[in-house]
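See structure below.
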Amino acid sequence: MVWLMTSCPLPSTSEPAEPKREEQAKSLCLRLLTARARTRAELAGQLAKRGYPDDVSDRVLDRLATAGLIDDTDFAEQWVRSRREHAGKGRKVLAAELRTKGVAEDVIAEALAGIDAGAERDRAEQLVQGKLRRETLGVDDLRVTRRLVAMLARRGYNPSMAYDVVSTELVAERERRRI
């Protein structure tokens with residue numbers, strides 16, 4: 001037993017643990033950022049979850065922000081653009097998603113400022129047109145209307161605008177099929 005204790009090297013106490021923890025935290029953040037862009041709050045949450053002290057996290061995140069690797073404004077703009085284009089999300093859902101990612105309210109407002117009511121309506125019309133092509137019309141139009149309005153509502157569109165878009169597109173689709 002004595003032999004084991006004397007033959008095992010003791011950890012070096014001359015090297016401070018703080019810079020090592022910072023390097024580990026930085027490596028973790030860089031790995032997370034390699035997978036996808038993240039907000040400062042998301043990275044801080046991951047560091048806290050793994051037990052890094054707040055002062056270490058703050059220093060690492062400040063260095064990454066200075067280097068341009070963390071930018072919540074850029075993240076929010078990219079998120080809004082991507083989620084509108086690929087998932088057809090409306091302003092309300094986009095704002096909620098950004099809040100869950102820890103983006104500040106003023107940054108959210110700035111990112112959503114580029115979406116005007118006309119652009120949001122155009123995107124809602126595209127979504128409804130895509131769904132209407134696969135629907136059987138004439139049997140139960142009320143059911144189709146309810147389903148399409150609910151689809152738009154789940155994606156964050158204003159219910160009155162959603163109903164108006166669905167009604168207009170339903171009439172247009174009936175007319176298109178008649179020809």
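The values are calculated or read from the model by the stated rules, or taken from the named source; none is laboratory data. Since the structure is predicted, the reported quantities are computational estimates derived from the model, not experimental observations. Here Cβ is always computed from backbone atoms with ideal geometry, including for glycine, and neighbour counts include all displayed protein chains. Heads up: the accessible areas ignore ligands, DNA and RNA and are worked out on the full protein's heavy atoms, side chains in. Shrake-Rupley method; radii C 1.70, N 1.55, O 1.52, S 1.80 Å.
Can you tell me which residues in the range 126-179 are surrounded by 13 or more Cβ atoms within 10 Å (Cβ to Cβ), part of a helix (DSSP H, G or I) and of a type in the set (G, A, S)?
Of everything in the range 126-179, those that are surrounded by 13 or more Cβ atoms within 10 Å (Cβ to Cβ), part of a helix (DSSP H, G or I) and of a type in the set (G, A, S) turn out to be A150, A153, A162, S167, A172.
Which of the residues spanning the range 39-51 are farther than 14 Å from L69 by Cβ and either assigned by the TED database to the domain that holds Q78 or assigned to a loop (DSSP other than H, G, I, E, B) (or both)?
If the condition is that a residue be farther than 14 Å from L69 by Cβ and either assigned by the TED database to the domain that holds Q78 or assigned to a loop (DSSP other than H, G, I, E, B) (or both), then R50, G51 are the ones that fit.
Among the residues of the range 92-103, write down those that are within 16 Å of A37 (Cα to Cα) and either in a loop (DSSP other than H, G, I, E, B) or open to solvent by less than 30 Å² (accessible area, probe 1.4 Å) (or both).
Scanning the range 92-103 gives L98, K101, G102, V103.
Among the residues of the range 1-11, what is the count of those that are open to solvent by less than 80 Å² (accessible area, probe 1.4 Å) and either modelled with pLDDT of 90 or more or not in a helix (DSSP H, G or I) (or both)?
Going through the range 1-11 one residue at a time, the tally reaches 1.
Only one of (1) in contact with a helix residue (DSSP H, G or I) (Cβ under 8 Å, 6 or more places away or on another chain); (2) free of Cβ contacts under 8 Å to residues at least 60 places away in the same chain fails for G88. Which number is that?
Of (1) in contact with a helix residue (DSSP H, G or I) (Cβ under 8 Å, 6 or more places away or on another chain); (2) free of Cβ contacts under 8 Å to residues at least 60 places away in the same chain, only one is false for G88: (2).
Would you check if there is a residue in the range 59-82 being outside the structural domain of G130 (by the TED database), in contact (Cβ under 8 Å) with a residue 60 or more places away in the chain and either closer than 30 Å to Q126 by Cβ or loosely packed, with under 14 Cβ neighbours inside 10 Å (or both)?
No, that holds for no residue.
Within the range 23-38, count every residue that is part of a helix (DSSP H, G or I), charged (D, E, K, R) and free of Cβ contacts under 8 Å to residues at least 12 places away in the same chain. Steps first, please.
Within the range 23-38, the first condition is being part of a helix (DSSP H, G or I), and the residues that meet it are 23-35.
Going one step further and asking which of them are charged (D, E, K, R), we end up with 23, 26, 31.
Now restrict to residues that are free of Cβ contacts under 8 Å to residues at least 12 places away in the same chain: 23, 31.
So the answer is 2.
Can you tell me which residue in the range 111-125 is modelled with the lowest pLDDT, limited to those that are surrounded by 13 or more Cβ atoms within 10 Å (Cβ to Cβ) and either of a type in the set (K, R) or not in a loop (DSSP other than H, G, I, E, B) (or both)? I'd like the intermediate steps shown before the answer.
So in the range 111-125, the residues surrounded by 13 or more Cβ atoms within 10 Å (Cβ to Cβ) come out as 111-112, 115, 120-121, 123-125.
Narrowing further to those that are either of a type in the set (K, R) or not in a loop (DSSP other than H, G, I, E, B) (or both): 111-112, 120-121, 123-125.
Details: A111: 91, L112: 92, E120: 86, R121: 90, R123: 89, A124: 91, E125: 91.
Result: E120.
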